[in-house]
Amino acid sequence: MVGVFSAVCRRITRRRPICSGLNDTGTEYSENKDQNLKECLSTLDLVSLGVGSCCGTGMYLSCGLVTMTAGGLGAIIAFLVSGIAALLSGSCYAELASVCPNTSGSAYIYSYTTVGELIAFIIAWGLIAEYVIGAALASVVLSTTIDSMFDFVLKDYLSTWGSIGGREYFDVLAVVICVILTIVLISGVELSASINNILNLINLSVLIFFIGISIYYSKIENWTATDRSSTWGIKVLAEIPTAYFAFIGFDGIASAGGETKNPSKSVPKSVILSITICTLIYVSVSLCLSLIVPASQLPENTAMMDVFVLKNNYYAKYFISIGAVCGLFAAAFGSMFPLPRILCAMARDGLIYSHFGEICQKTKTPRPATLLTGILSISLAVTIDLNYLIELVLMGMFFK
C-alpha cells in the first residue's frame, strides 16, 4: 500500500524537464517532421494577437461601463491600476516564456515544468474551459453587435422558431462566426495572422478616427461634471475588476511559442508591449468619452458607438460600428487561437487522446484539436445566455 501511494505521489508531482519534447535547437519536436508546427510568426504578429484579443471587448464595452460609473478620472485610475496588475502577471509569463521557449501550451506547460503534472492537468482544463467559453462569448457579442446595426431583424425572425437551451433563439449568426474562425485557424497560422493583422489595422484606424472626432466635440465642462461625492473612491475600486476584464486575452501569446521564429525574445516582448498598448488605448478612450458628454449620460453598453448619436452624428456611429465588428472578430479569434495548441500539447504529453496531437501536413496546424474547439464553441454559443457566459469567463480567470 505504501509503495502504491508513493508511486502515485511521484506521478502527480513529476515535472516536465525544461528541455523535454525539444530538439537541439529548442524546438518542440516530433519524430515525424510533418508533425511539427510551422515557425513563422514575428514579434509584430504576436503583439497584434495580444492587442486584438483584449481590445475587442475592452474598447467597445469595458471603457464605457467603467467611465459611466467612475467618471473620466476614475476610469483612468481604474485602467492604470488594472494595467499594472496585468503587467505584473504578464511579467511572469514573460519570464517563463524565456525559460521555456518554443512551447505551445501556455500556462499548462509552465505549471507542468515548475509545479507538477497534477496541477498542470487541473490548470489545463481550466484554460480549456475559459478559452471555449471566451470564444463562445465573443461570437455571441459579435452576433448581437451585427444584428443591432440592423435593428435586431435577425433576432426578431429567429425568435419565432422557439428557444434553445438558455437562449431565446437559435443564434445562426454566432454559429457562422464560429465556423469561419475554425476554417481560418485550420487554413494555416500565416493566413490566420494576416487576417488578424488586417482586422487590427482597421480597428486602429477607427480608434484614430474616434479620438480625432472626440477632440471636436470635447468640452472641459463635461469632465468637471463628474461625480466627486464621498462614494467616488468606492466606485473607482468597484470598477477595477471590470477594468481588468479588458486585459483578458494577452496570455494567448504564450500559446504561440511553437510557431514563433524567435520565441525566447519575441514572446516576452510581445506580452509586455501588448499590455502597455492596451492600457494606453483604454485610458485614451475613457478620457475622450468623458469629455464628449458627462459620464452619467453615456449609453450603458455601447458608449463608444452611440456617444455621437447624442450629438446627432449618426455617420460616426456607423463608422465606429465597423471597427467594433472587426475588433470583436479579432477578440473571438484571440480566444479560439490558443485552445487547439493547449489540446495538442496535452495530447503529446499523454494526458488526453493522442489523436488531438496530430498536425496537418499541409497547413501545419493541429486540425483535430481545432475542429473540436469549433464544435465546443458552437455548442456553448447556441445554448447558453450571454450573461451566464460572461460570469463563466470571469470564473475561468481564477485558473490563470
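Just so it is clear, none of the values below were taken in a lab; they were calculated from the coordinates. Just so it is clear, the model here is predicted, and its values are computed rather than measured. Backbone-built Cβ (ideal geometry, glycine too); neighbour counts: all protein chains shown.
State the answer as a single residue: which of Pro294, Ile84, Ile180 lies farthest towards the positive end of the charge dipole of the chain, with beta carbon charges of +1 for Lys and Arg and -1 for Asp and Glu, about the Cα centre.
Value: Ile84.
Mind checking which of Leu158, Leu201, Leu46 has the largest fluctuation in a GNM of the chain, springs on alpha carbons under 10 Å?
Looking only at Leu158, Leu201, Leu46, the biggest GNM fluctuation is shown by Leu158.
Over the chain, what is the relative contact order in percent, taking alpha-carbon pairs closer than 8 angstrom and at least six residues apart?
Computed over the chain, the figure is 37 percent.
Net charge near Ser143: determine it from the other residues with C-beta under 11 Å of the C-beta of Ser143, scoring Lys and Arg +1 and Asp and Glu -1.
Value of the local net charge: 0.
Quick one: divide the alpha-carbon radius of gyration of the chain by 2.2 N^0.38 Å and tell me what you get. Walk me through the numbers on the way to the answer.
Values: Rg = 21.8 Å, N = 400, 2.2 N^0.38 = 21.4 Å.
My calculation over the Cα atoms of the chain gives 1.02.
What value, in deg cm²/dmol to 500, does the helix sum -39500 (n - 2.57) over DSSP H runs of n ≥ 4 give at 222 nm once divided by the residues of the chain? Mind dumping the intermediate values first?
Details: 16 runs with 269 residues, N = 400.
So the helix-based figure for the chain works out to -22500 deg cm²/dmol.
For Lys38, go through the aspartates and glutamates and keep the ones whose alpha-carbon is under 19 Å away, minus same-chain ones fewer than eight residues off.
Asp24, Glu28, Glu190, Glu259, Glu358
Take the chain, connect every pair of alpha-carbon atoms lying under 10 Å apart with a spring to form a Gaussian network, then pick out the residue of Leu181, Leu118, Leu87 with the largest mean-square fluctuation.
Ranking Leu181, Leu118, Leu87 by mean-square fluctuation puts Leu118 first.
Between Gly323, Gly58, Gly126, which gets the highest mean-square fluctuation from a Gaussian network model of the chain, Cα cutoff 10 Å?
Taking springs between Cα atoms under 10 Å, the residue moving most is Gly126.
So, in nm, how far is label Val115 from label Cys92 when the simple model puts each one 7 Å beyond its Cα toward the Cβ?
The modelled label-to-label distance comes out at 0.8 nm.
Taking the 0 to 90 degree range and rounding to the nearest ten, how far is the long axis of helix 43-57 tilted relative to the main principal axis of the chain, both from C-alpha atoms?
It works out to around 50 degrees.
For the range 64-179, what is the relative contact order in percent, using Cα pairs closer than 8 Å and at least 6 residues apart in sequence?
14
What does the charge add up to near Ser335, with Lys and Arg as +1, Asp and Glu as -1, over the other residues with Cβ less than 13 Å from its Cβ?
On the way: positive: Arg341; negative: Glu130, Asp251.
Around Ser335, the charge tally is -1.
Roughly how many whole Å is it from the C-alpha centroid of the range 170-196 to that of the range 48-103?
That distance is 24 Å.
Among the listed pairs Lys235/Lys317; Lys235/Lys269; Lys269/Lys364; Lys269/Lys317; Lys219/Lys317; Lys155/Lys317, which have their C-alpha atoms separated by more than 27 angstrom in this model? Spell out each step's value before the answer.
Values: Lys235/Lys317 29 Å; Lys235/Lys269 34 Å; Lys269/Lys364 25 Å; Lys269/Lys317 35 Å; Lys219/Lys317 19 Å; Lys155/Lys317 21 Å.
The answer is Lys235/Lys317; Lys235/Lys269; Lys269/Lys317.
With θ taken as phi - 60° and the coefficients 6.51, -1.76 and 1.60, list the Karplus ³J(HN,Hα) couplings across the range 138-154 in order, rounded to whole Hz; mark glycine and proline as x.
4, 5, 5, 4, 5, 4, 5, 5, 5, 5, 5, 5, 10, 6, 6, 5, 5
Taking Cα atoms, how many degrees apart are the long axis of helix 367-383 and the longest axis of the chain, rounded to 10 and kept between 0 and 90?
40
Amide H of Ile164: which non-local residues (sequence gap of 5 or more, or other chain) have their own amide H closer than 5 Å, using H built in the peptide plane?
Residues meeting the criterion, in which the H sits 1.01 Å from N, are Tyr169.
Loop-only chymotrypsin sites (Phe, Trp or Tyr not before Pro) in the range 109-202, please: DSSP not H, G, I, E or B, and at most 14 other Cβ atoms within 10 Å.
Phe150, Phe152
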